Amino acid sequence: MKINTIAKGIACLLGASFTVNAAVSPDRTRIIFNQADKSVSLRLTNQSKTSPYLAQSWIEDKDGKKSRNYITAIPPMIRLEAGEQAQVRLMGQATLAQLPTDRETLFYFNIREIPPRSEVKNVMQIAMQSRLKLFWRPKAIEAKDGQFDFSDKFTISRTSDGLTLKNSTPYYLTVGYVGTTGKTLLPDTKSMMVEPFGQAAQEVKNLPPNFQIGFIGDYGGLLMYSVKCNSVQSTCQTEQMKRG
């Protein structure tokens, strides 16, 4: 009896269709909330040409816990017709004044799409979810047009296991690229985020003495630096690369 039940369950799964493409998408990959701004708006788009979707939004702190103590998403739930766009506003609370004024504070903005009920049998629907980094940036460190030069504010050490990045800036540094060509990543490298005035390490096998590293900027692009290491110096030399 048990075997028959399991077999029937597997057969049902094999006969089911899976819908996994995200329909609701935001207009950016990260959010900067400056202290001078009372709110930040972003646009959501329903990519589906045939079906309406609900979009549920909420804020989490850096530890992934839901929080409305500092920033609130309004409205928390919105209906998007097929092909429709709508705005969600992130409203800052008075409690933001309690956060550190010398560095960024990290939050996460979450969007979960809720699809319409399917009228087709044997269809498994999956609610897709997007999670964007949300950086609250105090007035003392606001950047004009999101332009930065970190050249003398971070250090990279090449170790036997890979690299160590020390961040002396008040910003979260997110490494989006480690490679030698500016296009292809070195094997087994991955994104790495280093908190303000902190450090982090990443294991990279066979890291060459000369390579390139790219930090993700406010608008999602990469700020590229060339890195030169040798066995004499404890830290590597870095130089910002000109955009081609």
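When only residues in segment 146-170 that are touching a residue at least 24 places away in the same chain (Cβ under 8 Å) and among the acidic types (Asp, Glu) count, which is surrounded by the fewest Cβ atoms within 10 Å (Cβ to Cβ)? It comes out as Asp149. Only a single item in (1) at pLDDT 95 or above; (2) within 29 Å of Thr235 (Cα to Cα); (3) in a loop (DSSP other than H, G, I, E, B); (4) polar (S, T, N, Q) is not met by Thr101, and it is number (2). Residue count for segment 196-221 satisfying the condition of being of a type outside the set (S, T, N, Q) and assigned to a strand (DSSP E or B): 8.
Residues in segment 89-98 that are out of contact with any Lys or Arg (no Cβ under 8 Å at 6 or more places or on another chain) and surrounded by 14 or more Cβ atoms within 10 Å (Cβ to Cβ): Arg89, Leu90, Leu96. When segment 42-78 is filtered for residues that are touching an Asp or Glu at 6+ places or on another chain (Cβ under 6 Å), without any contact (Cβ under 8 Å) to a residue 60 or more places away in the chain and either among the acidic types (Asp, Glu) or in a loop (DSSP other than H, G, I, E, B) (or both), only Ser67 remains.
Of all residue pairs spaced 6 or more apart or on separate chains, none has beta-carbon atoms under 6 Å together with a first member in segment 25-41 that is farther than 14 Å from Phe107 by Cα and modelled with pLDDT under 95 and a second member that is of a type in the set (Phe, Trp, Tyr) and assigned to a loop (DSSP other than H, G, I, E, B). When the test is whether a residue is under 26 Å from Phe33 (Cβ atoms) and either assigned by TED's automatic domain parsing to the domain that holds Phe107 or at pLDDT 95 or above (or both), Thr174 passes it. If I go through segment 59-84 residue by residue, how many of them are closer than 15 Å to Val24 by Cα and touching a Lys or Arg at 6+ places or on another chain (Cβ under 8 Å)? Counting residues in segment 59-84 that are closer than 15 Å to Val24 by Cα and touching a Lys or Arg at 6+ places or on another chain (Cβ under 8 Å) gives 2. The single condition among (1) assigned to a strand (DSSP E or B); (2) not assigned by TED's automatic domain parsing to the domain that holds Ile59 that Ser151 does not satisfy is (1). Residues in segment 225-237 that are surrounded by fewer than 18 Cβ atoms within 10 Å (Cβ to Cβ) and not in a loop (DSSP other than H, G, I, E, B): 3 in all.
The values are calculated or read from the model by the stated rules, or taken from the named source; none is laboratory data. This one's a predicted model, so the numbers in the text were calculated from it and none came from an experiment. Heads up, the Cβs are rebuilt from the backbone with ideal geometry, glycines too, and the neighbour counts pull from every protein chain shown.
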